[in-house]
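Report on one structure; see the data block that follows.
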Amino acid sequence: MSTSPPETIGLDSSVGAYVSQLQRRFLSGSDPAARGTLARLRQAVDEQPGDTPEVWQIVLDVLPEQFIGTRDQPTRGEWAAHVALTLYGVHQQGNQSPMHAPGTSFGTSMGRLMRERPSAKSRYDALLMASHFTGRRNYLRTLVGLLSTDGIPTDHGRLALDLFRLQSAAHKDRVIRVWGRDFYRAFTTRTTDHTSA
């Protein structure tokens with residue numbers, strides 16, 4: 001049985017819990033503050049962690065203590081949370097159904113997307129092949145925009161953990177393999193109607 005390395009414990013659950021709560025508030029339709037928070041997150045998608053004070057405060061509030069840095073440059077955890085949260089802002093835009101779906105990996109979401117949009121496969125391949133986090137971030141933004149357009153959800157907490165691991169040479173290949181397997185299963189499996197006999 002494999003366990004998460006100690007340095008990753010809590011990242012996916014803390015980001016996922018925040019996104020779930022924000023999503024609930026937004027979809028209720030009765031919380032204008034949730035709509036404003038989503039707009040601020042969406043507007044910060046191309047920024048670095050810390051560029052927008054309000055978004056930086058959200059990132060720091062969400063992150064477990066071990067991911068918060070003490071130096072000038074953002075940590076891998078701060079980058080991962082910032083990108084996952086701002087991508088959720090992009091993903092939920094224009095959707096009245098939940099775009100955060102706990103348990104649905106990014107690879108699974110991509111497989112579902114490619115069944116409907118085979119032309120997006122080159123962007124997904126470029127994401128996987130990108131040699132720098134900045135390149136991956138740009139491809140992610142484009143692909144999450146397509147997920148949003150097609151109403152396909154993903155788990156943004158798990159995405160944060162994957163983004164954390166993608167920044168490490170020791171874990172990058174593992175994330176790409178898992179996304180590849182999940183992509184294949186979702187791409188080759190059609191949803192079937194299960195009726196009882």
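With all protein chains in place and a 1.4 Å probe, the accessible surface of the chain carries 50 percent carbon and sulfur. With R₀ fixed at 35 Å, the C-beta to C-beta distance from residue 125 to residue 54 puts the FRET efficiency at about 0.50.
Given +1 on the Cβ of Lys and Arg, -1 on the Cβ of Asp and Glu, and no further charges, what dipole in debye does the chain carry about its Cα centre, rounded to the nearest 20?
Computed charge dipole of the chain: roughly 660 debye.
In the full protein context, the chain carries 52 Å² of accessible surface per residue, based on a 1.4 Å probe and ignoring ligands, DNA and RNA.
The length gained by stretching the chain between residue 141 and residue 43 to full extension, at 0.36 nm per residue less their Cα-Cα distance, is 34.1 nm.
Computed with every protein chain present, the accessible area of residue 141 is close to 70 Å² [probe 1.4 Å]. Alpha-carbon geometry of the chain: the Rg and the Dmax are 16.5, 63 Å, given in that order.
Dividing the alpha-carbon radius of gyration of region 47-97 by the rule-of-thumb value 2.2 N^0.38 Å gives 1.20.
For region 17-32, list residues with backbone N below 17 Å from a point placed 7 Å from the Cα of residue 61 toward its Cβ? Those under the cut-off are 17-27, 31-32.
The values are calculated or read from the model by the stated rules, or taken from the named source; none is laboratory data. For clarity, every value in this text was computed on a predicted model and none was experimentally measured. Positions of Cβ are backbone-derived with ideal geometry, glycine not excepted, and every protein chain shown enters the neighbour counts. In case anyone asks, the SASA skips ligands and DNA or RNA and just uses the protein heavy atoms, side chains included. Shrake-Rupley method; radii C 1.70, N 1.55, O 1.52, S 1.80 Å.
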